[in-house]
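Encoded as structure tokens, the structure appears first; notes follow it.
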């Protein structure tokens, strides 16, 4: 597939940059992501700082994020090269973890997932909002997700589906040992702090890529990033359409 | 209580207007709501057009919306009269129902609830977003709620808790006859249309106050209202605090 | 369809009784239910006392209970007439309502549903088990279901799927105004009493057919019936198969 | 506490056996479990084969299983020594894992938990019932629980509360990547087989104590054990009472 695209682009006298690391300095017009939603996420995250939009071409099973299927690639490229597309801006989150005296920074497009280490028991996570304690419960963990991430792990954990254009952050409990824990929707500019109040060891993963460990008393601050993931939209897969296709089941057919 | 407040206000040389209908033309500074969340909702809705803020004094059981308890009334009034308060703006929804050839308009601060008439079977409701069909399932009904309404009926039906400052609209299924129906969070400026696709008769209630009936093919359009409910906040009951107090249970104590 | 079956049976020298009321006294060998799950439920309930098994022929959409589709009718009848079938026994519930000084008795194969009258507010229902108060919450209502009824209304309300051979009774809350209400599984010989503790008016429906109204202080006792619904099984639609077919969705395809 | 009990028993001329390993051969009348629900589970499991009942004394936070609090110990022992108690029988599960060519056997009173290894992605677990495929979905995992285990991890994962006297097994999905996965209630004599259909590595834990790893194609058979945990009941903490105390929350107070 990559070879056919390269040929097609060369025939059209387009310059192709293959090394991700050089895309920004070469000021490419857009990036083609060949793969699934995970590949697209990675590309969109990396291209957010230089502000380069990404076209997601789905090579896998039906995804939520990719704009086109592989057989649609050449008509789609023609359109994109002619500028006939829309940009969809997906907001991202910055997470700053303070562990063992060091601070580490991450940017995510989907979610920050807190989950007890499998060798340990439950963890009690406390969410502080604008500096004030809000919820706290023993649990397997907690998910802080963007609207983009609402259809990823958060949905499995019982969270709602959030339209990608809503400016809000999800906080979804993961197997809470509490009957009253509920998914919560917070302002996109909320200052969220997750404190590990009790337990032994809590893994934190960032878009499922990078990870670190929290110990009691340690915390992660999560806030909206000034950067945005830029997705190329050709007007084919709207939010209502994606939901319609994903939400069909056979019980009531 | 009302008598004691009257006395207190007169002693302070304040003018008191008792008739709701005259509050707007008399240009009152603020309105005192004595009762529960329901009373406050009604006052805030009525005072939204003239732009008059409302102080909710809770005379009932602990509510989500009222700012103060009855024993706090006089210190609170002193503060409000001195202008020492913040305004919280709660967005509202406009609903336009087209039934039997007529159009009826309603404004709600909590929710528009669609529920099958109890003498009839399931209804199939279809939600169109920006004119495009999205979800559709046979169910007892569907709830369209504001963030303010997220802790009312929608919460009982399985919806998430939405911070009052989030700009979003909830769509929560009510006992859907479908395994895949999920609560959804939509943009606050989304153009939502609920179409009664199948069934016999569907009741629609607006903030639990007014009601009408839908028949197959009829629809209700729901959109953000240009008006806002104005609540007086004295800095005592923040969103994190309300959640913290409401979400305690005894399982993990 | 009915005409073709009649013809076929006559050709085979079988006696056909068409009037439901005369089936018991005529000592028919089995009953054919033409319709959906609702028709089958009605037949099985009526034939439980005389102990006559029922063959469910599905004329509607795919149901949980009917054994065969309409195009399979004649091979199926041949088998049944040759005695090549299994009997599946579905336990039923007896409900005794004490309202306004009178007692009314009902037998159900699916469920007893308690739901607030739509003209009224929430009802608080209290479940007493073996005479002892157990759960109690304000809600839209409560469902007491057999395993057979677990895939009907209870499933929409969030209840689990119960294998038809489990000896247990479900208690499923309906939009409870309580964060801690959960579906409960009780012994099949449990003495369940549902008391209307607070509210105005509560409808009670029995297999969705008959109904009555409860007022505060009134109660309904629910217990296992000595009778059983008898369904003819031809070995084609096992519980795992029904679940497998019903539980497919497209999210993870 | 242990010292005070020892003293009290000696004063009453009772023989005390301290070593768990010698309890069976010394034919003790009953076992005292000092700790929380976990300690009680361990004792009841170990004493199931010799048929020795266990009195659970709660030293921790309020548990579901322990019969008495520590301050009630001496009146309780007086009663138990006088034979004034009831035995509650809790059924247990046998799990036989076939991994890497070996078979390992475990007995559990609470649950068998299947969960993807944290270093790996989702696992697809398929449940076969009586040899026939039933449900299958990508997920974090799956829980097979007894009624005793229904108020442990299964409840956190969204499972129903099952009365300890119900003869049934729960199958509760753990963060299923499928909108249609639901908790299921199976016959207590069901032959359940969990097959790891896809994924990399799946941890299986038995009452949270022992563990092993499954790889694709490997499976665990779960069936009712012929043994039963024997709990001493003094008539104080019935199932309705435990539910009533656990299910209170403050939302509707």
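The values are calculated or read from the model by the stated rules, or taken from the named source; none is laboratory data. Only a predicted model underlies this, so the values are computations on that prediction, with no experimental measurement involved. Heads up, the Cβs are rebuilt from the backbone with ideal geometry, glycines too, and the neighbour counts pull from every protein chain shown.
Taking the stretch C:119-134 as the search range and keeping residues that are in contact with a helix residue (DSSP H, G or I) (Cβ under 6 Å, 6 or more places away or on another chain) and crowded, with 21+ Cβ neighbours inside 10 Å, which one is modelled with the lowest pLDDT?
Of everything passing the filter in the stretch C:119-134, C:134 is modelled with the lowest pLDDT.
Of the numbered conditions (1) without any contact (Cβ under 8 Å) to a residue 24 or more places away in the chain; (2) over 30 Å from residue D:61 (Cβ atoms); (3) outside the structural domain of residue A:45 (by TED's automatic domain parsing), residue A:240 satisfies every one except a single condition; which is it?
The single condition residue A:240 does not satisfy is (3).
Identify the single condition in (1) closer than 24 Å to residue C:182 by Cα; (2) part of a strand (DSSP E or B); (3) within 9 Å of chain A (Cβ to nearest Cβ); (4) in contact with a helix residue (DSSP H, G or I) (Cβ under 7 Å, 6 or more places away or on another chain) that residue B:159 does not satisfy, given that it satisfies every other one.
It is condition (2) that residue B:159 fails.
Is there a residue being within 7 Å of another protein chain (Cβ to nearest Cβ), at pLDDT 95 or above, out of contact with any strand residue (DSSP E or B) (no Cβ under 6 Å at 6 or more places or on another chain) and under 21 Å from residue D:189 (Cα atoms) anywhere in the stretch C:168-188?
Scanning the stretch C:168-188, I find at least one residue that is within 7 Å of another protein chain (Cβ to nearest Cβ), at pLDDT 95 or above, out of contact with any strand residue (DSSP E or B) (no Cβ under 6 Å at 6 or more places or on another chain) and under 21 Å from residue D:189 (Cα atoms), so the answer is yes.
Quick test of your reading of the structure: residue B:204 fulfils all but one of (1) outside the structural domain of residue B:146 (by TED's automatic domain parsing); (2) modelled with pLDDT of 95 or more. Name the failing condition by number.
It is condition (1) that residue B:204 fails.
If you take the residues of the stretch D:110-129 that are in contact with a strand residue (DSSP E or B) (Cβ under 9 Å, 6 or more places away or on another chain) and in a loop (DSSP other than H, G, I, E, B), which of them is farthest from the other protein chains (Cβ to nearest Cβ)?
D:110
Could you check how many residues of the stretch B:91-109 are touching a residue at least 60 places away in the same chain (Cβ under 8 Å) and in a strand (DSSP E or B)?
Summing the residues that are touching a residue at least 60 places away in the same chain (Cβ under 8 Å) and in a strand (DSSP E or B) in the stretch B:91-109 gives 13.
Restrict the check to the stretch C:43-64 and report whether at least one residue is within 14 Å of another protein chain (Cβ to nearest Cβ), part of a loop (DSSP other than H, G, I, E, B), touching a residue at least 60 places away in the same chain (Cβ under 8 Å) and under 18 Å from the mean Cα position of the chain (by Cα).
Looking through the stretch C:43-64, at least one residue is within 14 Å of another protein chain (Cβ to nearest Cβ), part of a loop (DSSP other than H, G, I, E, B), touching a residue at least 60 places away in the same chain (Cβ under 8 Å) and under 18 Å from the mean Cα position of the chain (by Cα).
Can you pull out the residues in the stretch A:228-243 that are part of a strand (DSSP E or B) and surrounded by fewer than 19 Cβ atoms within 10 Å (Cβ to Cβ)?
Matches in the stretch A:228-243: A:228, A:233.
Can you pull out every residue in the stretch D:132-148 that is within 10 Å of chain C (Cβ to nearest Cβ) and not in a strand (DSSP E or B)?
D:147 - this is the single residue of the stretch D:132-148 that is within 10 Å of chain C (Cβ to nearest Cβ) and not in a strand (DSSP E or B).
Give just the number: which of (1) more than 27 Å from residue A:170 (Cα to Cα); (2) loosely packed, with under 14 Cβ neighbours inside 10 Å does residue A:85 not satisfy?
The one condition residue A:85 does not meet is (2).
Quick one: how many residues across the stretch A:89-98 are buried (at least 18 other Cβ atoms within 10 Å of the Cβ) and under 16 Å from the mean Cα position of the chain (by Cα)?
Number of matching residues: 5.
One line per residue, one yes/no per condition, for (1) touching a helix residue (DSSP H, G or I) at 6+ places or on another chain (Cβ under 9 Å); (2) outside any strand (DSSP E or B); (3) crowded, with 24+ Cβ neighbours inside 10 Å; (4) outside the structural domain of residue D:96 (by TED's automatic domain parsing):
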position	(1), (2), (3), (4)
D:165	yes, yes, no, no
D:170	yes, no, yes, no
D:196	no, no, yes, no
D:217	no, yes, no, no
D:220	no, no, yes, no
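Could you say whether any residue in the stretch B:31-41 is assigned to a loop (DSSP other than H, G, I, E, B), closer than 19 Å to residue B:206 by Cβ and at pLDDT below 95?
Yes, some residue in the stretch B:31-41 is assigned to a loop (DSSP other than H, G, I, E, B), closer than 19 Å to residue B:206 by Cβ and at pLDDT below 95.
Does residue A:88 meet the test of being touching a strand residue (DSSP E or B) at 6+ places or on another chain (Cβ under 6 Å), in contact (Cβ under 8 Å) with a residue 12 or more places away in the chain and either assigned to a strand (DSSP E or B) or assigned by TED's automatic domain parsing to the domain that holds residue A:201 (or both)?
yes
Suppose we filter D:191, D:210 for residues that are out of contact with any helix residue (DSSP H, G or I) (no Cβ under 8 Å at 6 or more places or on another chain), at pLDDT 95 or above and farther than 16 Å from residue C:183 by Cα; which single one remains?
Testing whether each residue is out of contact with any helix residue (DSSP H, G or I) (no Cβ under 8 Å at 6 or more places or on another chain), at pLDDT 95 or above and farther than 16 Å from residue C:183 by Cα leaves just D:191.
Checking residue C:200 against (1) in a loop (DSSP other than H, G, I, E, B); (2) touching a strand residue (DSSP E or B) at 6+ places or on another chain (Cβ under 7 Å), only one condition comes out false. Which one?
(2)
Listed here are the residues, each with its yes/no results for (1) crowded, with 22+ Cβ neighbours inside 10 Å; (2) out of contact with any helix residue (DSSP H, G or I) (no Cβ under 9 Å at 6 or more places or on another chain).
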| site | (1), (2) |
| --- | --- |
| B:35 | no, no |
| B:55 | yes, no |
| B:63 | no, no |
| B:69 | no, yes |
| B:74 | no, no |
| B:100 | no, yes |
| B:103 | no, yes |
| B:110 | yes, no |
| B:117 | no, yes |
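Just one of D:107, D:151 is within 13 Å of another protein chain (Cβ to nearest Cβ), within 30 Å of residue D:63 (Cβ to Cβ) and either at pLDDT 95 or above or touching a strand residue (DSSP E or B) at 6+ places or on another chain (Cβ under 8 Å) (or both); which is it?
Matching residue, one of D:107, D:151: D:151.
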